[in-house]
Every structure is written in C-alpha cells, then in structure tokens.
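Rule-based calculations on the coordinates, nothing more; no lab input. None of these values were measured; they are calculated from a predicted model.
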Amino acid sequence: MHSRLVKISLATLISAAIALSPLAVIAADPAPATQAEKAPTKKAEKKSQKDKKAEKKAKKKSKKKAKAAQQ
C-alpha cells in the first residue's frame, strides 16, 4: 500500500512538471525583447541605404577613372 502511494505521488509530480513546463517557458520569455528586435531592423535598413550610396559612389569613381585612362 505504501509503495502504491509513493508511485502515484511520483507520477502526479512528474505529470504536473510536464504540464507546467510550457508555462514556465512563456513566463521566462520577456515581452520587451520583441520591441528591441524591431529597432535594429530600422538601423539595418539605414545602414544598407548608406552601403548602397557608397557602392554607387565607388562605381561612379571607377567609371571616371576608366574614362580618364582611355583618354
């Protein structure tokens, strides 16, 4: 009788732990992290625009150099 009670209580504890584990993960996930992820994307877009402008300038310079070398 005593071992049955131990087995049932152990099974209950294990099932409760399994049932509560997703809730613990949700509670541990901070909500402001989603807002923090949105901000760098705008900065990344600005950086990519700057990179595009820098590439255009480099192409123009290389074209000018090529024209000067041909003349």
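Stretching the chain fully between L10 and A24 yields a gain of 3.0 nm (0.36 nm per residue, less the alpha carbon separation). Taken one residue at a time, the phi angles of the stretch 7-14 give Karplus couplings (6.51, -1.76, 1.60, θ = phi - 60°) of 5, 5, 5, 5, 5, 5, 5, 5 Hz. Gly and Pro are set to x.
Karplus-derived 3J(HN,Hα) values for the stretch 49-59, using 6.51 cos²θ - 1.76 cosθ + 1.60 with θ = phi - 60°, are 5, 5, 5, 4, 5, 5, 5, 4, 4, 5, 5 Hz; glycine and proline are entered as x.
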